[in-house]
1. Under a point spin-label approximation (7 Å from Cα along Cα-to-Cβ), what is the SER82-ILE10 distance to one decimal in nm?
2. Which value in nm describes the separation of the simple spin-label points at VAL28 and ALA65, placed 7 Å from the Cα toward the beta carbon?
3. Report, by chain and number, residues whose modeled amide H sits under 5 Å from the one on ASN67, excluding near sequence neighbours (fewer than 5 apart, same chain).
4. Based only on the alpha carbon positions, what is the Kirkwood hydrodynamic radius of segment 32-85, in angstrom?
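A short reminder: the numbers here are calculations on the coordinates, not readings from a lab. This one's a predicted model, so the numbers in the text were calculated from it and none came from an experiment. Here the Cβ is made from the backbone with ideal geometry for all residues, glycine too, and neighbour counts use every protein chain on show.
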Amino acid sequence: MKIRALLTVILLTVIVFTLTGCVPGDGVNTAARPAGFFWGIWHGWIAPISLIIGLFKHHIRVYEAHNIGWWYDAGFYIAVISGFGGISLRRHKKNSSNKSKSC
């Protein structure tokens, strides 16, 4: 069981570091090629990671400055809300099921 947990953590770490190659401010998006809806979703999902990377690399931001506007914003906020809101709903369900078992 411990080996499986360790392998899962290693796999998730490798995936996160591989996928963070597309953080806001990395130069992929420019004024000529602004970020769109799907980039907004991606940047919303990796916002916490971008924030940490931004502490060490000052050109990395949480939010892409070169974007198409409303559609990018919609994707960004959908990802942030679904990502972090989903975590809190999952925790709430676990806590309520544990309370019902103890009664």
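1. With each label point 7 Å from Cα toward Cβ, the separation is 3.2 nm.
2. 1.9 nm
3. ALA35
4. Values: mean 1/r = 0.0906 Å⁻¹.
Computed over segment 32-85, the radius equals 11.0 Å.
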